[in-house]
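These notes are about the structure you will find just below.
Every number here is computed from the coordinates shown, using simple stated rules; none is lab data. All of these numbers come straight from a predicted model, not from anything done at the bench. Quick reminder, even Gly has a Cβ in these numbers, built from the backbone with ideal geometry, and neighbours come from all protein chains shown.
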């Protein structure tokens, strides 16, 4: 690939407190933000098309990030130009890997483009690559200075150098009064009430306050919604309504595929392994004898079974019947287990802004609760910096008779792990005090916060800096 530094330059200079460069080649654009730490860069790629048709409706149906940009000059449709911009998530990368990363993301954008083109035909919409446009149409795009803002996912009115020292951050308003919350008061939180999307909105407020304070946020997400932590809020007027002196923006984020980080097999307790895979009779006895605390893989367990002495009850036939079952399990789940490497979580991020690590979760897999348990247990043993762990829909795992009690104890007692749990009802948790701070959502951003030894506080939660789809209630009298 041709180095990105040889591309055309659309912009180079200061953007807020950061050094911004926007390069372009044909219909690809890349925005690169550099901090004082030149070893890392914040990067986002875009692919741009001109549009003929009602792209706004189509864009709402897409699971992908995109921007619809429109420029109107005079009366009539012929004097309105629409542009459709596909973009990648914002990521922090090692600057030495810049060209490799751009090439990889260009391939991903091309793949996404192919999927969209195959669908868009049925919407009576035409897309034309920017590089194929007549010069006069291209000029309508390039001559607009607002394009710089469109192609830059970065706050332009916030001093990052001051964020890490902020003691209290805005959480909402009540009757015209700003309500702040320190991170110390948000070390353990449980969110209940409202609809699921309302609870997720409240959780994102907490997550953003940690990210603004340069902390990492770990999310175990089965909904796919938390990746919007990297998408800027599209309704900037909501922030103005709450007198928030900051522009919408998305935070650096990494989505980690389910079981991409391997765990040792023994992280699943023996009783759980037997239950999940419905082992009984002699097979259960064989596993009981061979399932040890040092197992890394299913292959290790098979070797223990092979080495097991036979007797009148445990025959060679019974041993090989168990091994046959383990062979099937190895084909299905073999890639899940092995040595754990949490380096993706400890990767260096921008010094003055936090980043989120979003673990994709499959709640249909009975092993998912042990996956969450295993990751958190290892984090509690290894991390050296304070971070927030988020477990939405936490009822099943926290109430687990096998690991729920231990997991909640780890969360409560770890000096570096702060946490946020959620469920539909406060009564969903067997432990009547799963967290110190309780947020009860009434509807949308209307909520009640209960701090220990304080009266309940009803307020309107602030809009998120990142994308959200709930209806935000603005200032009104609250009792």
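Volume of the convex hull of the range 297-370 (Cα atoms only), normalised per residue: 120 Å³.
Temperature 37 °C, viscosity 0.692 mPa s: under these conditions the Stokes-Einstein estimate for the range 194-286, based on its Kirkwood radius over C-alpha pairs, is 193 µm² per second. Run the Debye formula on the Cα coordinates of the range 239-358, all scatterers equal and no solvent, and tell me log10 I(q)/I(0) at q = 0.09, 0.18, 0.19 1/Å. Relative scattering, expressed as log10 I(q)/I(0), comes to -0.42, -0.94, -1.01. Over the range 315-468, the reciprocal of the mean inverse Cα-Cα separation, the Kirkwood hydrodynamic radius, stands at 18.7 Å. The simple Förster model, with R0 at 51 Å and r as the Cβ-Cβ distance, assigns residue 68 and residue 271 a FRET efficiency of 0.45. Once you divide the Cα radius of gyration of the range 4-150 by 2.2 N^0.38 Å, the number left is 1.09.
Of all beta bridges DSSP finds with both residues in the chain, what is the antiparallel percent, to the nearest 5? Antiparallel bridges make up about 70 percent of those DSSP assigns within the chain.
Report, in deg cm²/dmol and to the nearest 500, the calculated mean residue ellipticity at 222 nm for the chain, where each DSSP H run with n ≥ 4 adds -39500 (n - 2.57) and the sum is divided by the residue count.
Helix-only estimate at 222 nm: -9000 deg cm²/dmol.
Once the C-beta distance of residue 285 and residue 341 is scaled by a Förster radius of 25 Å, the resulting FRET efficiency is 0.15 to the nearest 0.05.
The Rg/Rh ratio of the range 401-479, with Rg taken over Cα atoms and Rh as the Kirkwood radius over Cα pairs, comes to 1.02. Extending 7 Å from the Cα toward the beta-carbon at both residue 52 and residue 122 defines two label points whose distance is 2.3 nm. What is the calculated FRET efficiency for residue 471 to residue 10, with r their C-beta to C-beta distance and R₀ = 41 Å, to the nearest 0.05? My answer for the efficiency is 0.65.
Dividing the C-alpha radius of gyration of the chain by 2.2 N^0.38 Å, with N its residue count, gives 1.12. When peptides 442-453, 207-218 are ranked by their average number of other Cβ atoms within 10 Å per residue, the highest-first order is 207-218, 442-453. Note on 324, 355: ascending count of other Cβ atoms within 10 Å places them as 324, 355, the fewest first. The calculated P(r) of the range 269-328, using every Cα pair and 10 Å bins from 0, goes 23, 63, 14 in percent. Extension gain for residue 425-residue 409 works out to 3.7 nm (0.36 nm per residue, less the C-alpha to C-alpha distance).
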